[in-house]
Amino acid sequence: MTVRAATLLLCGVSALLTHCALTDKYQISPGEGGGPDAGGSAAGGSTTTNVGGGVNSNAGDDAPSSGGSGAAGGSGAAGGSGAAGGSDAAGGMSTISSGGAGGSATVGGASSAACNGACSGLQTCCASSCTNPATDANNCGACGRVCNAGRSCAASACTVGWTKMAQPPTGFVARTRAATTAVGKSVFIWGGLDANDGALDSGAIYSPATDSWVSVVKGTGTPTPRSMATAVWNGSTVVVYGGVDASGNNLLKDAAAYDPVKKTWTSLGSAATRRAQSFGTWDGTRAVFWGGIGVQDDPIAGADRLEAGRWSAATNGGAPGALLAPAVAFDGAALYLQGGYLANARQDKAFSYDLKADHWASLGSGMSARSGSFGVWDGSHFVVWGGRDDTGLRNDGKYMVGNTWTTMTTSGAPSARLLYVRRSGAAFMVRPGVIAVVGGQSTPNGLGELATNGASYDVAGNNWKPIADYPSGEVHEYGAAVWTGEELVVWGGRAQVQSQSRNAAVTTTGERLAF
């Protein structure tokens, strides 16, 4: 059986996903040559999640700025902005408040004198014009805080929920099984399979801020066509590694880096191990690609590390072995695993891997044996929810700090489901202490039904809030599902479950969710 036909349950988070928020200062906009947004934008920090395919953490790593200072004017923004007044260093980025959905950089508020004292009532002077920050989408809650495209401003906050996405550029075809990752606030999508299962070597980057796309440029160093590769953002380039070749029968181990500012590809040589749909992450210094599958759908043990342009193999001492479908999360420094299959038996053990020290540690067991669970880091805890045990699907979970596990309430939790890596399922940190679970497989065996809804969970409050179904009605089977730190972007894949519909067309429809 080829890897293309694999029906496995290797749990990835998302991407992301995730650790405390990335200092999200990078955004691709069509008018900026594919580079950082002019003047800089910032998202108050969160790790990025490559949902359904692996966490890609860009903890603390900022992309270069192409634009001047991050803040204009001298005073702090009014309306509860998280940014202090004053400008960033040349070439730097400004910061914004964490409240509301899809805001861009906060610009320091202008003095009322700039408006000749004309502002009155609820108005504020922003860039020499009077405006109401309670309703102005370009100054929502604070001067210069711009709501993402398709979102309005109400009560000083950008509106939340699902909204539609623009169609991709001409020539960027519908696809499944692509490599995806968050690039700051934007989403990178590359490779995969077209509607006829032909492998692709094209890509594009989508920006929720402008609801627009830019094409990934082909050139010397572009990876060969492939599916199920893994993408990781390192703060300045996207690393694309491994996958399955165009024949669908051979695993790959080479890698290349794409620079969205220069629009160039650079070969990164080859790792020691061939892997498809591995879990990839970045800790600020090195990229690590763990797990994956082999040609016979068998899980692959160990990890490959890329640091300063050099590949090395991770230590196997204390490692859990060739796990299939564990819950996976990343806290910015350490990788966490729980459960999964090992030697055809479901496990209940948890492990951590310190990327810098290249060291594995056993965390014992505190949950029931299960596989296909959603895993995510909430800023302080490793959260594990759902999956399936030997009797069926689960809708319960626990979170761990140290070696102590605490039970999550099932009241209001999503229906029982499992994370079917790359096929469906997303888990990510909305903000510290709040995680979300979206999608997943809602039947226990084979290529079953897919869920299109979910819920968010407040760890401190121990309560769930529902997330509505994808508004398109499509299931996005083997599509992209990436959390940017501001919005969940769900795009492409098959509109219906392929195994249950002869008309399961590959789609270019997309939708995005803000909280």
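Overview of results
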read-out	value
Pair GLN500, ALA154: separation of 7 Å Cα→Cβ label points (nm)	3.3
Entries of LYS185/LYS349; LYS349/LYS398; LYS218/LYS356 with Cα pairs more than 24 Å apart	LYS185/LYS349; LYS218/LYS356
Residue-level accessible surface for ARG274, protein heavy atoms, 1.4 Å, Å²	120
Sequence-distant aspartates and glutamates (8 or more away, or on other chains) whose Cα lies within less than 14 Å of LYS263	GLU32
Rounded Å value of the spacing that divides the Cα centres of the stretch 216-262 and the stretch 326-364	26
As computed over the stretch 114-230, the Cα convex hull volume per residue (Å³)	132
Karplus-derived HN-Hα couplings along the stretch 202-218 (A = 6.51, B = -1.76, C = 1.60, θ = phi - 60°), whole Hz, x at Gly and Pro	10, x, 7, 10, 10, 10, x, 4, 10, 6, 9, 10, 10, 7, 7, 7, 8
Hydrodynamic radius (Kirkwood) for the stretch 374-515, which is based on Cα pairs only, to one decimal in Å	15.3
Apportionment of accessible area to carbon and sulfur, the stretch 238-301, percent (1.4 Å)	48
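The values are calculated or read from the model by the stated rules, or taken from the named source; none is laboratory data. Computed from a predicted structure; not experimentally measured. Every residue, glycine among them, receives a Cβ derived from its backbone with ideal geometry; neighbour counts consider all protein chains shown. For the accessible areas, the whole protein counts, side chains as well, though only heavy atoms, and no ligand, DNA or RNA atoms are used. Shrake-Rupley method; radii C 1.70, N 1.55, O 1.52, S 1.80 Å.
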